[in-house]
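Asker: Take a look at the following structure, please.
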Ligand code: PEP
Ligand code: MG
């Protein structure tokens, strides 16, 4: 019966008592966006643009980039679409952006840091996004990956606003979570990338199998950073979403809603199960589960406590 309910979930995302939590899709190209649009996703919370260019030897021209962005925007006409600027480097090296021979690439010149070394790449990408945005009816937001300082957030926000687009930054470095209130003075929204936030909080490579127990978004230290970022957003009335894998865990999604997270973005295949889980619990229960998980000392008990409250 649960299965039938899951399959028939049609959105929009909300708790049983009607508190809205947008359920969005993560996409990487037009084809993926079109199939995500067939799910109940209300929009796109993370368009990983670097994945559209992994096979390119050279930087695509502005017009070529705009055409690719436009495919995604057209698939979600009239909906919210968050485009992430290139997150090259580390586990996603791009031939035309950034160094590839760093000894420790996860801590190296990746994501927004590439803009400091080569600002033209970001400028041309923002130009292409602006062109695509003008040609479609989607509501376009633009966010930067791997932001670590308030100065980076301010600089990025200014470049995005110059093109009449709406800026946000990803919170995937603990430094950004700790200063979320000051980041929010410059940007219109935050999006927690819990994959990298977990990696950097726990100092555990997200691809390392032996460290899988540390690479768990239920780690109370990670939950504490998420809770604090969500609270900072709520205080100033600006949206704080989650676009890492954590959003695709239906139980954790309810906990995130309890922290005050305003949107959850995930693989299209997880949209129905997450939306359905949210629709079965009241916000007050999500808040209780969030508080209980936060008070745990390890990920197993955080999950067990939340499960007991959410299913109880
Ligand atoms: C994340 O780090 O959680 C995230 C959404 O970005 P990516 O997985 O592309 O690094
Ligand atoms: Mg990331």
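The values are calculated or read from the model by the stated rules, or taken from the named source; none is laboratory data. Quick caveat, the model's predicted, so the values are computed rather than measured. Please note: Cβ atoms are built from the backbone with ideal geometry, for glycine as well, and neighbour counts cover all protein chains shown.
Asker: Scan the range 7-59 residue by residue and report those that are within 15 Å of the chain's Cα centre (by Cα) and in a loop (DSSP other than H, G, I, E, B).
Answerer: Hits for the range 7-59 are 21, 28, 41, 42.
Asker: When you go through 88, 52 one by one, which is the residue that is within 26 Å of residue 263 (Cα to Cα), without any contact (Cβ under 8 Å) to a residue 40 or more places away in the chain and touching a strand residue (DSSP E or B) at 6+ places or on another chain (Cβ under 7 Å)?
Answerer: Going through 88, 52 in turn, just one is within 26 Å of residue 263 (Cα to Cα), without any contact (Cβ under 8 Å) to a residue 40 or more places away in the chain and touching a strand residue (DSSP E or B) at 6+ places or on another chain (Cβ under 7 Å): 88.
Asker: Which of the following residues is more than 20 Å from the chain's Cα centre (by Cα) and not in a loop (DSSP other than H, G, I, E, B): 101, 74?
Answerer: 74 is the lone residue from the list that is more than 20 Å from the chain's Cα centre (by Cα) and not in a loop (DSSP other than H, G, I, E, B).
Asker: What are the residues in the range 233-248 that are surrounded by 22 or more Cβ atoms within 10 Å (Cβ to Cβ) and more than 14 Å from the chain's Cα centre (by Cα), if any?
Answerer: 233
Asker: Need pairs with beta-carbon distance below 7 Å; first residue without any contact (Cβ under 8 Å) to a residue 24 or more places away in the chain and farther than 18 Å from residue 241 by Cα and within the range 195-222, second assigned to a loop (DSSP other than H, G, I, E, B) and away from ligand 2 (no atom under 16 Å from the Cβ); sequence gap 6+ or separate chains.
Answerer: 202/214; 202/219; 204/214
Asker: Tell me which of these residue 146 doesn't satisfy, since it passes every other one: (1) touching a helix residue (DSSP H, G or I) at 6+ places or on another chain (Cβ under 8 Å); (2) within 16 Å of ligand 1 (Cβ to nearest atom); (3) on the phi < 0 side of the Ramachandran plot.
Answerer: Only one criterion is unmet by residue 146, namely (3).
Asker: If you take the residues of the range 105-137 that are more than 16 Å from ligand 1 (Cβ to nearest atom), modelled with pLDDT of 90 or more and part of a loop (DSSP other than H, G, I, E, B), which of them is farthest from residue 57 (Cα to Cα)?
Answerer: 137
Asker: Sticking with this one: From the list 191, 265, exactly one residue is within 18 Å of residue 170 (Cα to Cα) and out of contact with any helix residue (DSSP H, G or I) (no Cβ under 9 Å at 6 or more places or on another chain). Which is it?
Answerer: Just one listed residue meets the conditions, 191.
Asker: Within the range 41-61, which residues are surrounded by fewer than 18 Cβ atoms within 10 Å (Cβ to Cβ) and more than 16 Å from ligand 2 (Cβ to nearest atom)?
Answerer: Listed by number, the residues that qualify are 55, 56, 57, 58, 60, 61.
Asker: Just wondering, is there one or more residues in the range 141-154 that are over 19 Å from the mean Cα position of the chain (by Cα) and outside any helix (DSSP H, G or I)?
Answerer: Taking every residue of the range 141-154 in turn, none turns out to be over 19 Å from the mean Cα position of the chain (by Cα) and outside any helix (DSSP H, G or I).
Asker: Can you find a residue in the range 138-145 that is surrounded by fewer than 19 Cβ atoms within 10 Å (Cβ to Cβ), touching a strand residue (DSSP E or B) at 6+ places or on another chain (Cβ under 9 Å) and more than 19 Å from residue 56 (Cβ to Cβ)?
Answerer: Yes, the conditions are met somewhere in the range 138-145.
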